[in-house]
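What follows is a single structure, written as structure tokens, with notes after it.
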Amino acid sequence: MAHRRTYTYSQLSASSAGEFVEAHYDLAKPLHSKFYVLGLHDNYVIEGARGRYILRIYRNDWRSPEEVYFELELLAYLHERHAPVAWPLRTTGGELGFRIESPEGERMAALFDYAEGNAPAAGISAQQCILLGRAVADVHHKADTFVTHYRRPDLDMHHLVDESIEAIAPFLDPRGQAYIGRLHKWLRLNWPDIRALAGVFGICIGDVNTTNFHVTDEGKITLFDFDQCGFGARAFELGKFASSLHSHRMKRTLVNAFLDGYQQRRSLSRAECEAIPYFELVAHIWVLAIHAKNANRIGYQRLEQPFWDRNLAIVKELEAQQGTTSGYQPS
């Protein structure tokens, strides 16, 4: 009896990606395409006479069409309200995305306007953090009225804590499992008591960090990569940014600059500021879970014991900071 062969992942050639764009969008030709970056999804740069674009082809084992359309509708909504985001172009049929066949099955794809400038990454400055904080607050404000019939996971305790612990536990040795089990109980008992009020709770981008935005020399900023977006406490968004700077020597200065910029658009309550270290810890665990859930894509070699030893040390460091003066204070 013949066995049916299955595929975890295939990558479309840059030339074929360009052909899909030509078939679905009314763009001035000729178009030139090249593979840009491999993240959770495949991203291609498309260059034409009227500018540059990013084609994203989503993995079907990571995002369902419903989850993708949630993201695309959100970005289109924000663009219509002049939020600083890279937005999806509509196809010639008026759709925000399209589907392609691949060896692993049908995948979603969408074409985005290219964000001008460059990502600061580790070289981010305090001024750029202020700009980023303002931009994130603007997105939060303009997303407060967003409504869609599409669904994706809320950024709540079940998704961020319970599902994350469940995903990483099988990778840990007995000592690590015992520790993470105790931490799980503590995290559930200490989930911040933040009321689901407008502004305080709503759409979160999900992965605000030093590489998911571009900024020009003139200070124009554009946010992109809303793959992790969902409804949740905005304080989680702020903790997630803090977690992305964990090893940066100027972390506290940069995080406070980000919060300063954010509060130029929306004031944070003391309860929200006090919750940031908790969500910083949760965000680090959540990112570890994303690694674990994508083991078949990134390879188990990257997830061997040294990886977990190193990252559990960071988790313990962040746990030790709970209840202490974080330095993240309202202006």
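Laboratory data are not the source of any read-out in this text; all were calculated from the coordinates shown. Since the structure is predicted, the reported quantities are computational estimates derived from the model, not experimental observations. We place every Cβ from the backbone using ideal geometry, glycine too, and count neighbours over all the protein chains shown.
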**Asked** Restricting the count to DSSP beta bridges whose residues both fall in the chain, what percent are antiparallel, rounded to a multiple of 5?
**Response** 90 percent
**the range 111-237 - Rg and Dmax from Cα coordinates, angstrom** = 17.5, 52
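Roughly how big is the chain's charge dipole about its Cα centre, with Cβ charges of +1 (Lys, Arg) and -1 (Asp, Glu), in debye to the nearest 20? Show your work: numbers first, answer last.
Numbers: 36 positive and 40 negative charges, 99 e Å.
So the dipole magnitude of the chain works out to roughly 480 debye.
Viscosity 1.002 mPa s, temperature 20 °C: give me the Stokes-Einstein translational D for the chain in µm²/s, with Rh taken as the Kirkwood radius over C-alpha pairs.
On the way: Rh = 21.0 Å.
Answer, rounded: 102 µm²/s.
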**Item:** Of Gly51, Gly39, Ala167, farthest towards positive along the dipole that unit charges on Lys, Arg, Asp, Glu beta carbons give the chain
**Value:** Ala167
**Item:** Lys pairs under 24 Å by Cα in the chain, provided they are eight or more residues apart or on distinct chains
**Value:** 12
**Asked** At q = 0.12, 0.13, 0.23, 0.25 Å⁻¹, what log₁₀ I(q)/I(0) does a Debye calculation on the Cα points of the range 48-128 give, no solvent, two decimals?
**Response** -0.44, -0.51, -1.14, -1.22
**Prompt:** How large is the helix-only mean residue ellipticity at 222 nm for the chain, computed as the sum of -39500 (n - 2.57) over DSSP H runs with n ≥ 4, divided by its residue count, in deg cm²/dmol to the nearest 500?
**Reply:** -13000 deg cm²/dmol
